1. Does any residue of segment 30-38 turn out to be of a type in the set (D, E) and over 13 Å from the mean Cα position of the chain (by Cα)?
2. Just to be sure I understand, how many residues within segment 51-107 are basic (K, R) and more than 14 Å from the chain's Cα centre (by Cα)?
3. Could you check segment 117-131 and list, in sequence order, the residues that are surrounded by 13 or more Cβ atoms within 10 Å (Cβ to Cβ) and part of a helix (DSSP H, G or I)?
4. What is the number of the single condition among (1) touching a residue at least 24 places away in the same chain (Cβ under 8 Å); (2) farther than 22 Å from R51 by Cβ that L79 does not meet?
5. Would you please list the contacts, defined by Cβ atoms under 7 Å and residues six or more apart or on different chains, that run from a residue in segment 35-49 that is touching a residue at least 60 places away in the same chain (Cβ under 8 Å) to a residue that is β-branched (V, I, T) and in a helix (DSSP H, G or I)?
Amino acid sequence: MRLAGPLHLPTEDETALLACRLAPRLAAGDTVLLSGPVGAGKSAFARALIRARLGDPLAEVPSPTFTLVQTYGEGADALWHADLYRLSHPDEVAELGLLAAMEEAICLVEWPDRLGPLTPASALHIDLAPEGEGRSVTVSGPAAWGPRLEGLHA
């Protein structure tokens with residue numbers, strides 16, 4: 001179900017603002033799937049969201065392109081940022097510990113198509129696409145996300 005968008009975000013700052021608005025609406029057990037081509041802004045969105053959750057706009061948030069997963073915080077505040085681009089089979093997701101993390105932490109997943117049948121039905125989907133100088137963003141997911149996202153793009 002489409003929950004918002006397509007929204008036109010003309011700058012990276014606008015993308016970061018949307019991520020910052022989403023950050024406090026997330027809780028342990030939430031999975032956010034970030035889709036889009038290379039250069040669409042998936043990592044920029046994730047970086048801004050992570051910094052907002054950490055309460056530190058200058059926090060070092062490296063891309064997990066080579067490490068595959070970066071983790072932040074512990075317990076109910078744990079946040080996992082995964083980049084699945086280099087995976088060749090959905091079975092590799094379990095080896096990363098990501099399946100358990102999706103139940104216990106907030107998970108941001110770039111290249112979620114690599115999850116295949118392991119994609120959580122309850123996940124929030126954020127699709128980013130280059131549009132002019134900025135990008136367009138479409139947010140979709142189960143209806144249960146609707147109330148949590150009210151005013152997200154105000």
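1. Filtering segment 30-38 down to residues of a type in the set (D, E) leaves 30.
Remaining after also requiring over 13 Å from the mean Cα position of the chain (by Cα): none.
The answer is no; no qualifying residue exists.
2. Of the residues in segment 51-107, the ones basic (K, R) are 51, 53, 86.
After this cut, where a residue has to be more than 14 Å from the chain's Cα centre (by Cα) as well, the list is 86.
Matching residues across segment 51-107 total 1.
3. Correct list: L118 only.
4. Result: L79 fails condition (2) only.
5. Correct list of pairs: G41/T15; F45/T15.
All of the numbers you see were taken from the coordinates with simple rules; none came from a lab. From a predicted model like this one, the values you see are computed outputs, not experimental measurements. Quick reminder, even Gly has a Cβ in these numbers, built from the backbone with ideal geometry, and neighbours come from all protein chains shown.
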